[in-house]
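A quick write-up on the structure given underneath.
Where a number appears in this text, it was derived from the coordinates with a stated rule and is not lab data. Just so it is clear, the structure is predicted and the values come from calculations on it, not from any experiment. Neighbour counts are summed over all protein chains in view; Cβ atoms, including those assigned to glycine, are modelled from backbone coordinates with ideal geometry.
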Amino acid sequence: MKFCRFADERFGLVRDGAIYDVSALADRVVAQQPRVKRGDAYVAALPQIARAVDGADLGAPVARVDDAVLLSPVATPTKLIAAPVNYQAHIDEAEADKGITFNHAVARIDQAGLFLKATSSLVGVGEGVAVRFPERRTDHEIELALVIGETCANLTRENALDVVAGYAMGLDMSIRGTEDRSMRKSIDSYSVLGPWLVTADEIADPDNLNFWLKVNGEIRQQANTNMLLRDVRHLIVWASEWYTLYPGDVIYTGTPEGVAPVKAGDVMTAEMDRIGAMRVECRAAATAPVLANSAR
């Protein structure tokens, strides 16, 4: 099944290009589950929500996918975990392009380790990317993203996929420069997730998915997850050795070659086997000061 969040934080089921509002049903299911102390309660209850939705009378769809503002399918992850340079061809292009590395040596993934992105950078495809620091280079990085469904740690390859609630596409947007990787990749809107969450039972082998990304209709990136240097199971096990994983935590698995700049006004389109397609617009980030308590 495909589950999304849309409009005013509503919870939806996606079928045949249409969205059915299942917010009330999902709320009832979550209320009946043990309280989730950390993480996303709706992701934790996703198997129960899926069972309740299956065969239920959902009424008429409330929107077409193409007309809806899709939010991140995960509302409250405790962390976003990402795998750097996890495709050999991307390592090769990074070593050849000083605009990516700024003359720094490219550390292999086993040396660099995983890294964390701020959860405040997470957005859905309908929210778009707000390009900050237009005088600098902001690159697109398309990748498979997986969402953890339960609290877990110290996993093995044999049970790694058992903790996955579902899969989505991710855009790990990156400003190039000399700052720490996590700083350059944690800008507001620089972690796109979507267009929805496909439940894990729909994807038997996450390590064999074709995907591509275009900018303004021009193909930029194209690969298959079977080219990952460290596969999905490895990444889950590795992350669980270092951190306790909670429902809703997201793991971005790494991007292939073809990373390139985007600017305000550009439109990114992407597609991945078994997940679907998405359209993400780029705009200029606001530069005016923001004060939450500005009434003085």
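Quick notes
- For 242, 212, 196, order by how many other beta-carbon atoms lie within 10 Å, fewest first: 242, 212, 196
- Test item: Cα-centred dipole of the range 2-69, Lys/Arg +1 and Asp/Glu -1 on Cβ, debye: 400
- Helix-derived mean residue ellipticity, 222 nm - over the chain, DSSP H n ≥ 4, -39500 (n - 2.57), to 500: -4500 deg cm²/dmol
- The fewest-to-most ranking of 211, 115 by surrounding Cβ atoms within 10 Å reads 115, 211.
- Between the C-alpha center of the range 22-90 and that of the range 234-273 there is a gap of 17 Å.
- Rounded to the nearest 10 degrees, the angle from helix 232-242 to the longest Cα principal axis of the chain is 90 degrees.
- Cross-link pairs exceeding 19 Å between alpha carbons, from the set 214/263; 185/263; 79/117; 2/185; 2/117: 2/185; 2/117.
- Footprinting exposure proxy ranking of 98, 117, 79, fewest other C-beta atoms within 10 angstrom first, gives 98, 79, 117.
- Farthest toward positive dipole pole in the range 24-177 [+1 Lys/Arg, -1 Asp/Glu at C-beta], among 126, 106, 26: 26
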